[in-house]
Structures are given as C-alpha cells and as structure tokens.
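Quick notes on the structure that follows.
The values are calculated or read from the model by the stated rules, or taken from the named source; none is laboratory data. Just so it is clear, the structure is predicted and the values come from calculations on it, not from any experiment. We place every Cβ from the backbone using ideal geometry, glycine too, and count neighbours over all the protein chains shown. Just so you know, the surface numbers come from the protein's heavy atoms only, side chains and all, with ligands and any DNA or RNA stripped out. Shrake-Rupley method; radii C 1.70, N 1.55, O 1.52, S 1.80 Å.
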Amino acid sequence: MMESIFIGGADADGTGQPNVAQDLLLKIANRHGLIAGATGTGKTVTLQNLAQGFSDAGVPVFCADVKGDLSGICMPGSTDHKLHEKFVARANKIGLGDYDYAAAPTVFWDVFGENGHPIRTTISEMGPLLLSRLMDLTEAQEGVLNIAFEYADDNGLLLLDLKDLRKLLVHMSDKEVRDELSKEYGNVASSSLGAVQRNLLVLEREGADFFFGEPALELPDMMRTHTDGRGIVNVLDATRLINSPKLYSTFLLWLLSELFEQLPEVGDPDKPRLVFFFDEAHLLFDDAPGALMQKIEQVVRLIRSKGVGVYFVTQNPRDLPESVLAQLGNRLQHALRAYTPAERKGVRAAAQSFRENENFDTEEVITQLGVGEALVSTLDAKGAPSIVQWTVIRPPASRLGPATDAERKSIQNASPVAGKYEKAIDRESAYEVLEAREVKAAEEAEELAKKEAKAQAELDKKKKKTTTRRRSSRRMSSLEKAGNQAARTASREVVRYILRGIMGTFKR
C-alpha cells in the first residue's frame, strides 16, 4: 500500500543536485495544504500531480478546472508532446525512476450541464446563510430570507428551486400575509422583501437556476473508486462558472459544508477519504461577512476529522486569512513577483511561514524559482512541519493540456453516474402548493361573488315589488280622494238646490 505521494526532488544537502525525495505522507494529508504562486509558475501542474497521486493511492479527488487545461488528467501524456524530452530529463534528474504516462479515472461535472454531468442542490440544502452571500444581501434582507425559510418549514413548503423561492417571496408580499408574519416571526419590511426579490432576479440571470433543483447531488457519487482501486478524480468544469465568482465560490463552500455535515467522524485515517482542491481560493474570502467567515473557519478546522483534506490554490498566501492559513500544514510555494512594496511585503510574509533552511535565504529564493520549481514543506509523521526545501516538481503522468470535446464525451458516456443526473425532476414543492392555494382562493372568491350577486339580485327584485305595491297604493288613494271630493261637491249643490226651493216656497 502506498504511504506517500512523490512531489519532486530537493537539494537538501547543498550539493546542487535535487537528490532528496520530497514526499507527502498520506496519513497526514488530511491536515490540509496550500499551493501558491504567480500566474505561469506551474501551480496547475502541481495540482494535477497531487490529484493523480492521490488517485493512485486510492483516494477520491474533487477539483475545479477554471482554465480548462486540468481536463487533460483523463488522458495519458504522449511522447509526441513538445515537452516530452524535458519531462524525461527532469524525471531522471530528480530520481523518479521509471517515468510512464498514464491517465487518471475521471468523472466530469458541470453546473450548466454542458461539459459534464449536471450538478445540483436544492434551495433548502443551500440554506439562508449561503444564499444571502450569493445574493449579496444586507443584514436586514438576510433577516427576511431567514423568516422565509422558517415560514416554509413551519408550513410544509419545500424549497427546491428558484421558482419556489420566488413564489414564496411573492406570497409574503401580500399585505395580510406580511402583517401575520411580522407578528409571529418579526418585522418583514416591504422594502427589504422587494430587495431580496430583485437580487433573486440577478441571481437567475447569472445562471443559478441551472444549479438549483433535483435530482440533487449525492455525495457518495463523488467518493467513488475505480474497479482497479484508484480513486476517481472528479473534475468540475468551471470555465463558464468562474464568470460568476460568487456562484463559483459559494458552490464550492456549499460542497465543503455538505461533506462536513454528512460524513461521520473518522479521526486520522491511514489516508484521506477525499481530497478537495479549491482553485482561485481568494474568491471564497472576498467580501465575506463575519458569519460566513466563522463558518469557513469552522469547516476547515473540523473537516479533517471527517477524513477530508482541503488544499487551497491561489496566487499569494495573503489571499487567505490568518485563521485559515494556520490550518494548512502542507505547503508548496511557487515563485512570487515583487515589483511593489506591497508585493515585497507579501513575499516576506510567505517566507516567514516556512521553517527556515540554513542553506538559502527563503525570501530571496521565492522570487528566483523557475517554472516547475517550488519551496516545499510538508508535515512529518509526528505532524511537525519539515524544513523548507527548494524542490524541482515531478513531471506529470497525464496529459499537460485540455482534453478534446470528443474525449470528454467518451469519458462522460462511460461514467459510473451516466444518465443519473442529466434529466431534471420538478416534483410538487412550494411553487405548486402556493399556486394551487391561489387558484382555490380565486375559485372560492368567484363562487362567493356569484352567491353575493345572486343574493343581491333577489334582494333587488323584492325591493322592486315592494316599491311597485307602494306606488299602486298611492295612486288608489288619489282617486278615492278625488271621488270623495266630487261627492262632497254634489252634496253641497243638492243642499243648495233644496234650500233655494225651500226658501223660495217661504217667500211665496
């Protein structure tokens, strides 16, 4: 069984020849690490070598391919390559022995499903903290998002994709619902709610809708070994994803958090259960709020007991906070440039992080390292950092350069998870439940309106009949009044006639 990974050869005795092997012990490989150096100094090749070394030792690997050239790990190197002779010469120089080309078993992933298997999670699994960072929310807006998640949990509303969250926010914007939420969960300001909705729209435009949904990633699918015992190298194609830096970094942090939460404690195993390479690591810490920084520090500090090693890849160690750097025991420092006072200060800080070697000035050597050379310090069997060594990094066994589209397609078709994640599933969740409630409420409102209209019509009909009777009653009274008047007039005339007759008789 392999006990270490060969990194390169170092001139540890001052002879001028890299004749001392520099190895990374597998049993302390979960103590995390750092690969740093300016652009073009060989970081990607070092990452590729370590990834393939872990794979050969039976350790599954996850790494993000930001530039596209890491995909070549799925294919063996070639004697036709322009650097073949230099690779052979370097292998002989550092005592590598038999230098053969070989590919690593690889599975390609892609959030957008273009250059690999789709990789998804749900809104609920992402959680309000990471979503707030992803949407760049203020503290007040994050509070509204927390209330939304709490309300969804209390009411059995599954938040699986972005349309679920969007529908929930629209539902919460109703004044009656918002007033009820404010009483039960805390103030839900309409302005903060509107801001969350607007940021959600921006997130959708950046392509996050591809990432949220089902089937969600099952972590065991990233912790597989090949039939020959080698660990699978999971390569995330991030050539498009890196254009949305917050989505890229938040996705990787989510994956780390899922590993931390789901994997059981194993202490210090003989070799890691998984090694995680975090390329462009500075994106994780740019503008990260305090609560998120605490979560990152917690995950990095404690995930090693789950058997997971995390290796940050960045240009300068200063890109990482001191609290995280302190957790990184295995360090490979490629050349740094020092043209400005700030850059010279960074070089000095990087040099001071190593255990000093009396044979050379570390600060001076950092700026003199050639391509494919690095200052290397790893942990020994007791967990103590070794003296820093000026190391010539071994040449890669797999292809130096990207795989072709046809090669990618062939690898993807033969993948152990082929067909499992390709088709999205849209089961009943918050969107469908709230939509059904709205339809039902609209139908009930329409039915109620019909009943009220019918009742009003009947009432109007009754009023009309009553009014008609009253008017008829008023007309009859007038006629009777006129008849009575005529009768009285006739009576008076008769009386007058009689009286005139009587009076006339008396006169005669």
Of the residues in segment 223-253, those that are open to solvent by less than 20 Å² (accessible area, probe 1.4 Å), at pLDDT below 95 and not in a loop (DSSP other than H, G, I, E, B) come to Leu241, Leu247, Tyr248, Ser249, Thr250, Phe251, Leu252, Leu253
Pairs where the first residue, in segment 266-279, is over 27 Å from Asp319 (Cβ atoms) and the second is open to solvent by 60 Å² or more (accessible area, probe 1.4 Å), C-beta under 6 Å, 6+ apart: Asp270/Lys27
Please pick out the residue among Gly33, Gly77 that is in contact (Cβ under 8 Å) with a residue 60 or more places away in the chain, farther than 24 Å from Phe251 by Cα and crowded, with 22+ Cβ neighbours inside 10 Å. Gly77
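Of the residues Thr378, Thr367, which is among the polar types (S, T, N, Q), touching a Leu at 6+ places or on another chain (Cβ under 9 Å), open to solvent by less than 20 Å² (accessible area, probe 1.4 Å) and in contact (Cβ under 8 Å) with a residue 12 or more places away in the chain?
Details: Thr367 fails: open to solvent by less than 20 Å² (accessible area, probe 1.4 Å).
Going through Thr378, Thr367 in turn, the sole match is Thr378.
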Hey, does segment 11-29 have a residue that's surrounded by 22 or more Cβ atoms within 10 Å (Cβ to Cβ), assigned to a helix (DSSP H, G or I) and in contact with a helix residue (DSSP H, G or I) (Cβ under 7 Å, 6 or more places away or on another chain)? no
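Matching residues to (1) surrounded by fewer than 20 Cβ atoms within 10 Å (Cβ to Cβ); (2) within 30 Å of Asp405 (Cα to Cα); (3) not β-branched (Val, Ile, Thr):
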| position | (1), (2), (3) |
| --- | --- |
| Arg120 | no, yes, yes |
| Thr138 | yes, no, no |
| Leu145 | no, no, yes |
| Leu159 | no, no, yes |
| Asp174 | yes, no, yes |
| Arg178 | yes, no, yes |
| Glu184 | yes, no, yes |
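Filter segment 58-73 down to the residues that are hydrophobic (A, V, I, L, M, F, W, C) and either surrounded by fewer than 22 Cβ atoms within 10 Å (Cβ to Cβ) or touching a Gly at 6+ places or on another chain (Cβ under 7 Å) (or both) and list them by number. Reasoning before the result, please.
First, pick out the residues of segment 58-73 that are hydrophobic (A, V, I, L, M, F, W, C): 59, 61-64, 66, 70, 73.
Within segment 58-73, Val59, Val61, Val66 meet the criteria.
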Looking at segment 320-342, which of its residues are surrounded by fewer than 21 Cβ atoms within 10 Å (Cβ to Cβ), over 18 Å from Leu26 (Cα atoms) and either touching a His at 6+ places or on another chain (Cβ under 9 Å) or modelled with pLDDT of 90 or more (or both)? Pro321, Glu322, Ser323, Leu325, Ala326
For segment 92-178, which helices (runs of 4 or more DSSP H) that fit wholly inside it have 1 or more residues that are more than 21 Å from the chain's Cα centre (by Cα)? 139-154, 162-172
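Condition test on Val392, is it open to solvent by 10 Å² or more (accessible area, probe 1.4 Å), assigned to a loop (DSSP other than H, G, I, E, B) and among the β-branched types (Val, Ile, Thr)? Walk me through it before giving the result.
Details: open to solvent by 10 Å² or more (accessible area, probe 1.4 Å): yes; assigned to a loop (DSSP other than H, G, I, E, B): no; among the β-branched types (Val, Ile, Thr): yes.
For Val392, the condition - open to solvent by 10 Å² or more (accessible area, probe 1.4 Å), assigned to a loop (DSSP other than H, G, I, E, B) and among the β-branched types (Val, Ile, Thr) - is not met.
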